[in-house]
Amino acid sequence: MGELEGHDPTRMRISDADRHKVSEVLREAAGQGRLDLDELDERLEATFKAKTYADLVPITVDLHPAPTAPPTAQSPSPYAAGLPGTAPRHTTSLAIMGGQDRKGVWEVGATHHAFALMGGIDIDLRQAIFSTREVVINASTVMGGIDIIVNAFTRVSVEGVGIMGAFDEGRAKIEPAFGPDSPLVRVRGIALMGAVTTTHKPMPGEGRRRGLKLPRTGPHGQLY
């Protein structure tokens, strides 16, 4: 009993679900104008590097409402309407004998058009703000490559065609964690002597966690 009484719950290891809950709080704060984009990027990175509950405290300590604040409605999904307008919006990506990257915090609308001619494009949607629950990526390439990256909570539907090339979903680098608020990304287009690949990957700074076995804890934090 003495060990349990002296146990500090803030030193317990956190789960991926805990990290994603904090990321939702950060995105909501950015949508309300309480964090700028640089601060949002920094705090998201720190969130997915966090190991214990204590590590999460300084990330959100100045974002909690005052104790006297009236109760509010349930926090919206990070993909819910209302968040758009807080980050740069890009509707197209183009690479001709060169490259272009879309990454970090940016807004994606209902459709995004990407074309690569003997070039490469990376479309990273892991931290993107979705203005709609369903997004269509029209991705076509000729002798080039387009890589589309999504997080564990995003569903994908690959609907393109490869002609002397590949248009497919790559092997996931993280276990999927779909939920009722998960957005859907449809990837359409043609890969002619090139490749369009969509892959689930961990959030930036999170590292690869697929297959990682973590200790289990009981209701009082004891390991077993």
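Need the failing condition index for Leu63 against (1) at pLDDT 90 or above; (2) of a type outside the set (Ser, Thr, Tyr); (3) more than 18 Å from the chain's Cα centre (by Cα); (4) surrounded by 14 or more Cβ atoms within 10 Å (Cβ to Cβ), just the number.
With (1) at pLDDT 90 or above; (2) of a type outside the set (Ser, Thr, Tyr); (3) more than 18 Å from the chain's Cα centre (by Cα); (4) surrounded by 14 or more Cβ atoms within 10 Å (Cβ to Cβ) applied to Leu63, the lone miss is (1).
If I filter region 32-39 for residues that are in contact with a helix residue (DSSP H, G or I) (Cβ under 7 Å, 6 or more places away or on another chain), over 23 Å from Lys201 (Cβ atoms), open to solvent by less than 30 Å² (accessible area, probe 1.4 Å) and at pLDDT 80 or above, do I get at least one hit?
Checked against the condition, which is being in contact with a helix residue (DSSP H, G or I) (Cβ under 7 Å, 6 or more places away or on another chain), over 23 Å from Lys201 (Cβ atoms), open to solvent by less than 30 Å² (accessible area, probe 1.4 Å) and at pLDDT 80 or above, region 32-39 yields at least one hit.
The values are calculated or read from the model by the stated rules, or taken from the named source; none is laboratory data. Predicted model, so just to flag it, every value in this text is computed and none were measured. Cβ atoms come from the backbone with ideal geometry, glycine included; neighbour counts cover every protein chain shown. Remember, those area values only see protein heavy atoms, side chains included, never the ligands or the DNA or RNA. Shrake-Rupley method; radii C 1.70, N 1.55, O 1.52, S 1.80 Å.
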